[in-house]
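First the structure, in the form of structure tokens, and then the observations on it.
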Amino acid sequence: MSAFGVFFKYISLIASFTTIGVLLCMAFLLLDDDGRLSAKAQKLKRLLRGSAFLWFIGSTGTILFTLATILDQPLSVVLDPIILRSFITQVTLGQYLFFQTLVSLIVFAFAQYVNKTLTTALLLLFSIIGLIAPIFESHSESGGSHGLVIGSLVIHVAALSLWVGGIIAIALLDPEDRPLAVPRFSELALWSVIAVVVSGSVNAWVRLDFQGAWNTAYAYVVIAKIALTLVLIAIGYKHREILARRESLDWRGFGRLILAEVLIMITTVAMGAWLSSTEAPVNPTLKNFDAALAIVGISTPPAPTWSRIFFSYEPDALMIGILITAMALYIKGVLVLTKRGDKWPIGRTISFGLGIAAIDFATSGGLGLYAHFAFSYHMVAHMVLGMIAPIGIVLGAPITLALRTLPQGRIKGESGVRGTLLAALHSKIAFFFTNPIVALALFDGSLFALYFTGLFGSLMQTHTGHLIMNIHFILAGILFFHVIIGVDPNPRRVAHLVRIVIVFTAMSIHAFFSVALMSSTTLLDHGYFASLKIPWVTDLLADQQLGGSIGWAMGEIPILLALVATFISWVKDDSREAKRIDRNTARAAAMGEPDDLADYNQYLQELAQRDRNEA
Ligand code: HEM
């Protein structure tokens, strides 16, 4: 890419990081006013609009120069509206880059209207998704191990946006606001630094793990980045040391340290922008064409055996990153409770851990690997992600743990991070999605939308599509089982009878879906599995029908378990309710209060007596 192209990529990165850093300050680091943005946070809106606008300029320039590089044409040619429109509408990379530009524009437009910490937090999440989108189609596609290269770079950039963005935003804050923001940021910065270093190292290792790769300009820049990162870590350590002596802390001096840190960071980002705009050294061993490698990003594995299913591992770095973060946050929550002297049922931790392990097995484990190559294995992975893992997660009660351990307000009137989660749980959106009908439609209805509309075939074609499909299976499963057997607080009280009806409906819809699959006579993947030319799948239709029977067998069991669990909790609730009524009656009697129940029974007897007398 030309120097101008790298420059616009750089502007886009720095501006997007700053936008995300400012949103982070507004939503989590500065005080909030009972869930509303405080005056100090409101003051940051001008900065937010400025950085979002700069992001818009940078990402627009990145689209133009990326297209100019692909077509090897001057800017004047790519400015042709027809060429430009076809790039941003028909080419996946163009679509993702354009999506990022749209996100920057939406943040710029909405910046002045956000007033609640929850909406600001949602805008923050939206910005991070906009920032990472193009990476899924970036030059990382060119090498093998898509899951590892793309996933690690996505984590790298997302963590950088919080770390570098947070530091830049804190540097731009009024010095008197720093004492509030910095201590809370310090915790997040530590997690982000770990993520940046691990993901950057994994990415560098996968790209440069062959003869002669470290003797290239690309590798020298990576080495320079590692050196600068060590300096940044040393400064970060100094930060934490100074923070520990908060009482006597000279915040102006601290400001100077932050400034030095920002200068090193923006230099390192420039190196990163160059790296990501430069062709990485090509691994000569990958020269020979392999259809599966080009489409799936993984070489065709040998025929499946039990040991290969249970012991193969093809890491999907992004999914692993999400699972490690979820498990680490869960364990941190349990440690916070234990330190406070509160108990947390070990069964819940084990259940959550099993749920996480099941997801890892069905995405990066042997099952996840073979799910790319045969419909039958895809269906087993689907059932594990959508039916089995969610039960583990839901019975782990992660929301209850979060509500018991997330930081409360730092001062009276501040709702804090815990308050933002509560606001999310009580939001209209949460109320809508916890409607059992909606949960059932997402859980079972989406099966037909996915497999009988051709969507399945197009999602399987790309890494992003595959990831979105897996995340949908997991979230739809978690929502469904949360509504049916969840132990976490639910904005809706769903009656047991309604839950049982929903579970029975889910069973029948799932059975109908599986039978439709078992009796299917046409392939549903739009040629995806055929294009991989898998030597050990000789009959694609038979394999698809096998997937149907697996879906039926594996799908009905968890739903049946949910049915039994709902019955048990119904009986338990009823006896709990009966005990509560008895306790109230006994207490009322003890306090000489009229016993409504006894009085009512008395009244009924008198009525009956009168009827008998009249008869
Ligand atoms: C152990 C330290 C680090 C290592 C090994 C590392 C390695 C890498 C690698 C291999 C890439 C991929 C380049 C490509 O797409 O070909 C990358 C991208 C990048 N790195 Fe790092 N990095 C490290 C730390 C940092 C730090 C501290 C910063 C900034 C403060 C940074 C900023 C970036 C940026 C901006 C990109 C480009 C992201 C994009 O594609 O949009 N890196 N890094």
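Below, the figures for the structure above:
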item: Set of aspartates and glutamates with alpha-carbon distance to Lys412 below 19 Å, sequence-local pairs under 8 removed; result: Asp32, Asp33, Asp34, Asp177
item: Gyration tensor (alpha-carbon) shape descriptor, the range 308-575, a/c threshold 1.5; result: prolate
item: Normalised contact order of the chain, rounded percent, pairs of Cα under 8 Å and 6 or more residues apart; result: 13
item: Near-label residues of the range 349-391 by backbone N, under 14 Å of a point 7 Å along Cα→Cβ of Asn490; result: 391
item: Within the accessible area of the range 308-575 (1.4 Å probe), percent carbon and sulfur; result: 73
item: Surface per residue (accessible, 1.4 Å probe) for the range 3-286, Å²; result: 44
item: For Leu37, distant residues with modelled amide H under 5 Å away; result: Lys116, Thr117
item: Accessible area of the range 32-143 belonging to carbon and sulfur atoms, whole % at 1.4 Å probe; result: 68
item: Karplus (6.51, -1.76, 1.60) ³J(HN,Hα), θ = phi - 60°, over the range 149-155, in Hz, Gly and Pro reported as x; result: 6, 5, x, 5, 6, 4, 4
item: Shape of the chain, Cα gyration tensor, a/c cut at 1.5; result: oblate
item: Built amide H within the under 5 Å cut-off of Asp32, gap 5+; result: Ser415, Gly416
item: Net lengthening on full extension, Thr305/Phe126 (0.36 nm per residue, minus Cα-Cα); result: 60.3 nm
item: Partners for Lys428 among lysines (Cα-Cα distance below 20 Å; same-chain residues under 8 apart left out); result: Lys116
item: For the range 253-322 and the range 219-246, distance of Cα centres in Å; result: 22
item: Whole-Hz ³J(HN,Hα) from phi, Karplus 6.51 cos²θ - 1.76 cosθ + 1.60, for the range 318-330, glycine and proline x; result: 5, 5, 4, x, 5, 5, 5, 4, 4, 5, 5, 5, 4
item: Among the listed pairs Lys9/Lys225; Lys339/Lys572; Lys343/Lys579, those beyond 22 Å (Cα-Cα); result: Lys339/Lys572; Lys343/Lys579
item: Signed unit charges on C-beta, dipole axis of the chain, positive-most listed residue Leu124, Ser376, Leu459; result: Leu124
item: Burial ranking of peptide ranges 342-349, 568-575 (average Cβ count within 10 Å, highest at the top); result: 342-349, 568-575
item: Residue order for Glu261, Glu314, Glu176 - accessible surface, 1.4 angstrom probe, largest first; result: Glu176, Glu314, Glu261
item: His526 long-range amide H proximity, modeled H, under 5 Å; result: none
item: Estimated dipole of the chain in Debye, rounded to 20 [Cβ of Lys and Arg +1, of Asp and Glu -1, Cα centre]; result: 1640
item: In Hz, Karplus ³J(HN,Hα) per residue of the range 67-80 (6.51, -1.76, 1.60; θ = phi - 60°; x = Gly, Pro); result: 5, 4, 5, 4, 7, 6, 10, x, 4, 4, 6, 6, 6, 4
item: Surrounding net charge for His510, when Lys and Arg each add one and Asp and Glu each subtract one, Cβ distance under 11 Å; result: -2
item: Cα gyration tensor, the range 5-76 - rounded (a/c under 1.5), prolate or oblate; result: prolate
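The values are calculated or read from the model by the stated rules, or taken from the named source; none is laboratory data. All of these numbers come straight from a predicted model, not from anything done at the bench. Positions of Cβ are generated from backbone atoms using ideal geometry, with glycine treated the same way; all protein chains shown enter the neighbour counts. Note: areas computed on protein heavy atoms with side chains; ligands, DNA, RNA excluded. Shrake-Rupley method; radii C 1.70, N 1.55, O 1.52, S 1.80 Å.
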